[in-house]
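**Student:** Supplied in structure tokens, the structure appears directly below.
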Amino acid sequence: MENKNAPEWVDKAWGSTCRTLLGGEVGSIGKFEEYLKRDVPHFRIGKSSISGREIVVGGEYVEGTKFISGDEIGKYALAAAQLNVNDIKDIDSIIEALGESVRYCGNNLIGNCSNATLANRLIDSNFVHCSYDVFYSKYVAYSNGVKYCEYVFGSEGAGKGAHFAIKGFESYECSRVFECVHVYNSSDCFYCANVENCHDCLFSFNLRSKRRCIGNLELQEGKFAALKAKLKEEIAGELGAKGSVQGILGIMGG
Amino acid sequence: MEEIEIAFGKVTKILLGKELRGIDAYAKWIAGRLRGGVKRKKSVVSGNAVLCPSVRYYEGMGNKVVTAQEALLLGEKKLEAGEVEALSLASAKETLSRISTSTPEIVWGTNIGTLECSNYGPTQYCYRSAFCWFSKCVAYSFWPRECEYAFGCSYVLQCSFCIHCYNSTKLSRCFEVSDSTNCADCYFCHNCENVNESMFCFNAKNLRYAIGNREVGREAYMRVKAKVLAQIADGLEKEKRCEYDIYKIGCGN
């Protein structure tokens with residue numbers, strides 16, 4: 001299912017995130033959908049057997065599974081009325097009695113959730129689009145495994161407290177990350193892998209407690225700022241022009 | 001390893017009424033439905049084994065993985081000033097090739113008796129699992145957090161004494177349960193909340209002694225439960241697997 005028409009808030013949040021990370025907006029999010037979905041396990045789309053609506057489903061469902069949407073549970077009744085406990089001999093007899101009335105749930109929103117589109121397994125989260133397994137977060141799109149985060153796009157395993165992340169994989173307690181893997185307690189990192197307690201690092205790997213690094217080389221403030229601005233401009237330019245940009249995994253040679 | 005065997009025995013005794021031993025003999029069944037597992041890769045530097053969670057972003061790194069100790073040493077390698085000045089997106093892959101490695105071997109805090117796991121801590125007696133955080137006695141699981149005595153579970157938070165539970169929080173003594181929260185002593189349930197001593201319940205809340213979403217009373221429930229558990233335990237003992245799972249109920253397979 002393609003989703004070129006994301007809700008208005010997604011575009012606004014995407015614009016804010018690009019301004020924060022790249023210094024300017026690069027275009028409407030529809031253009032970047034394929035890029036944001038790249039390297040992120042995508043959800044499956046099922047159809048509600050009650051309303052026929054398309055819904056997001058998660059889990060290892062097999063062919064023939066029937067679904068309902070989380071907001072249709074009130075209309076759902078399992079065919080347990082036919083089940084006579086005295087007739088139950090084994091598991092097969094229970095399954096037979098339930099017949100084809102079993103439905104699995106998609107678009108499942110738990111707790112206080114709002115403004116969720118194409119989303120499943122949300123807990124107390126708001127403004128979530130095309131994502132699943134999002135807990136206590138807001139402004140999340142094309143992501144999964146997100147907890148206590150804000151403004152996260154195209155990410156997986158965004159742990160506690162990631163803010164303003166585009167393609168952040170396994171990020172924890174970090175702000176402003178772009179194309180990073182395993183970034184803990186860090187900020188302003190672009191194209192980094194395995195960095196902890198690092199700030200203002202670009203194209204850096206396996207660092208601990210470093211600041212103003214490019215290619216693992218620590219630079220003077222003025223020099224760093226000039227090179228960072230040049231690289232950010234290149235990233236924003238390419239992203240804006242092509243709707244996609246070389247990813248950290250591509251750079252690492254995968 | 002003995003502690004993990006004891007834990008597996010305890011959980012099977014509690015859940016199925018029969019203590020099973022020899023966890024590795026059941027590995028295929030236990031890990032059958034996991035979204036990810038742990039793979040063995042080779043360090044690009046030394047050829048030593050690197051335990052790697054099966055997630056796309058580690059798989060996407062290809063062979064550029066190293067052990068945790070090697071990663072810290074490699075962090076000392078840097079580009080030359082000239083290379084940094086000339087760095088661009090187009091040249092990044094080639095220029096960075098001698099420093100662009102990473103490690104999936106992330107170990108936090110104190111860990112006791114944890115074996116063949118990747119990305120974990122603090123833990124006790126965890127085995128063949130990935131992303132184990134604040135957990136103990138967990139095996140063949142993926143992303144358990146604050147869990148204990150969990151086997152073949154994925155994306156579970158604050159769950160204990162569970163086998164084959166998925167995408168759930170706050171479960172106790174559950175078998176084949178998915179997308180549920182605050183449930184105890186449940187078998188083959190999906191999307192349940194505050195459901196206790198129940199089986200084959202779907203999209204249900206606040207039930208006790210229920211079969212197929214219908215409360216049947218304690219006596220009848222216990223009678224059926226005994227039959228169901230005996231059938232599962234017998235199958236496991238004889239064939240090392242259980243043919244029923246939560247994702248197959250009611251789909252005609």
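FYI, it's all coordinate maths here, none of it is from the lab. Remember, it's a predicted structure, so these values are computed and weren't measured experimentally. Positions of Cβ are generated from backbone atoms using ideal geometry, with glycine treated the same way; all protein chains shown enter the neighbour counts.
**Student:** Where does helix B:2-16 land angle-wise versus the long Cα axis of chain B, in degrees 0 to 90, nearest 10?
**Tutor:** Between helix and principal axis, roughly 30 degrees.
**Student:** Tell me which residues come under 5 Å, amide H to amide H, from B:Cys137 once H is placed; ignore anything under 5 positions away on its chain.
**Tutor:** Sorted by chain and number, the residues that satisfy this are B:Gln124, B:Tyr125, B:Cys126, B:Tyr149.
**Student:** Taking only C-alpha pairs under 8 Å that are 6+ residues apart, what is the relative contact order of chain B in percent?
**Tutor:** 13 percent
**Student:** Per residue of B:200-209, how many C-beta atoms from partner chains lie within 10 Å of its own C-beta, taken as a mean?
**Tutor:** That works out to 4 on average.
**Student:** For the range A:44-106, build the convex hull from the C-alpha positions and give me its volume per residue in Å³.
**Tutor:** 90 Å³
**Student:** I'd like the mean, over residues of A:107-117, of how many other protein chain beta carbons sit within 10 Å of each residue's own Cβ.
**Tutor:** 1
**Student:** Top mean-square fluctuation among B:Gln69, B:Gln124, B:Gln231, Gaussian network model of chain B, C-alpha springs under 10 Å?
**Tutor:** Highest fluctuation among the options: B:Gln69.
**Student:** Would you mind pulling out the separation of the Cα centroids of the range A:139-171 and the range B:43-63, in Å?
**Tutor:** If we compute the Cα centre of each part, the gap is 23 Å.
**Student:** Among B:164-177, B:129-142, B:78-91, how do they line up by average Cβ neighbours within 10 Å per residue, starting with the highest?
**Tutor:** Top of the packing list down: B:129-142, B:164-177, B:78-91.
**Student:** Let me confirm one metric for peptide B:52-59, namely the mean number of other chain beta-carbon atoms within 10 Å of its residues' beta-carbons.
**Tutor:** Rounded to a whole number, the mean comes out at 6.
**Student:** Between the range A:195-254 and the range A:30-86, what is the C-alpha centre distance in whole Å?
**Tutor:** The range A:195-254 and the range A:30-86 have Cα centres spaced 40 Å from each other.
**Student:** Only Cα pairs under 8 Å and at least 6 apart count here; give the relative contact order of the range B:38-95 as a rounded whole percent.
**Tutor:** 27 percent
**Student:** Any chance you could tell me what percent of the C-alpha pair distances in the range B:38-95 go past 14 Å?
**Tutor:** 64 percent
**Student:** Continuing with this model, one more query. By how many degrees, between 0 and 90 and to the nearest 10, does the Cα long axis of helix B:218-239 differ from the longest principal axis of chain B?
**Tutor:** Helix B:218-239 sits roughly 50 degrees off the main axis of chain B.
**Student:** Based on the Kirkwood radius over alpha-carbon pairs, what is the Stokes-Einstein translational diffusion coefficient of the protein assembly as shown at 4 °C with 1.567 mPa s viscosity, in µm²/s?
**Tutor:** D, rounded to a whole number, is 54 µm²/s.
**Student:** Once both labels are modelled 7 Å past Cα along the beta-carbon direction, what's the B:Asn48-B:Lys240 spacing in nm?
**Tutor:** 3.2 nm
**Student:** Same structure again: List every residue whose amide H lies under 5 Å from the amide H of A:Cys105, counting only residues 5 or more places away in sequence or on a different chain, with H placed 1.01 Å from N in the peptide plane.
**Tutor:** Excluding prolines and chain starts, which carry no amide H, the hits are A:Ile68.
**Student:** Sticking with this structure for a sec: Determine the alpha carbon to alpha carbon distance for each of A:Lys12/A:Lys242; B:Lys10/B:Lys205; A:Lys147/B:Lys170; B:Lys205/B:Lys238; A:Lys66/B:Lys205; A:Lys160/B:Lys10 and list only those over 24 Å.
**Tutor:** In this structure, B:Lys10/B:Lys205; B:Lys205/B:Lys238; A:Lys160/B:Lys10 exceed 24 Å between Cα atoms.
**Student:** If you take every DSSP beta bridge whose two residues both sit in chain A, what share of them, in percent to the nearest 5, is antiparallel?
**Tutor:** 10 percent
**Student:** Once every DSSP H run of n ≥ 4 in chain A is given -39500 (n - 2.57) and the sum is divided by its residues, what mean residue ellipticity at 222 nm do you get, rounded to the nearest 500 deg cm²/dmol?
**Tutor:** Calculated at 222 nm, the ellipticity per residue is -6500 deg cm²/dmol.
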